[in-house]
Amino acid sequence: MQKSLRSAQHARLIELLVAARQQAGVRQHALAKKLGRPQSFIAKYEGGERRIDVVEFVAIAQALGVDRLKLFRDFLSASGSAPKQPMR
């Protein structure tokens, strides 16, 4: 398995998160404040310098007021990783 940083899937995740932030009308600084993080945290993951983990993904989605499950499904369908059948 190749490292995810700088991969096409990582770039797609960043695109989705940046689009969600912009659609919510939230600036990097305001999002960082909601997360209790410095603005550089947002700049680094949006710039592709840093990966985010699932806990951070959920926190970011919640801070933006975005449905985290829909955002994750959008990522999966765009990356070609979505399961063909629902997992039970």
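The values are calculated or read from the model by the stated rules, or taken from the named source; none is laboratory data. No experiment lies behind these values; they were computed from the predicted model shown. Neighbour counts run over all protein chains shown; Cβ positions are idealised from the backbone, glycine included. For the accessible areas, the whole protein counts, side chains as well, though only heavy atoms, and no ligand, DNA or RNA atoms are used. Shrake-Rupley method; radii C 1.70, N 1.55, O 1.52, S 1.80 Å.
Annotation note: of Arg12, Arg51, Arg6, the sole residue that is touching a Leu at 6+ places or on another chain (Cβ under 6 Å), in contact (Cβ under 8 Å) with a residue 24 or more places away in the chain, open to solvent by 50 Å² or more (accessible area, probe 1.4 Å) and of a type in the set (Lys, Arg) is Arg51. The residues of the stretch 6-19 that are out of contact with any helix residue (DSSP H, G or I) (no Cβ under 8 Å at 6 or more places or on another chain), in a helix (DSSP H, G or I) and of a type outside the set (A, V, I, L, M, F, W, C), listed by number, are His10, Glu15. On inspection, Ala32 fails the criterion of being open to solvent by 40 Å² or more (accessible area, probe 1.4 Å) and of a type outside the set (S, T, N, Q).
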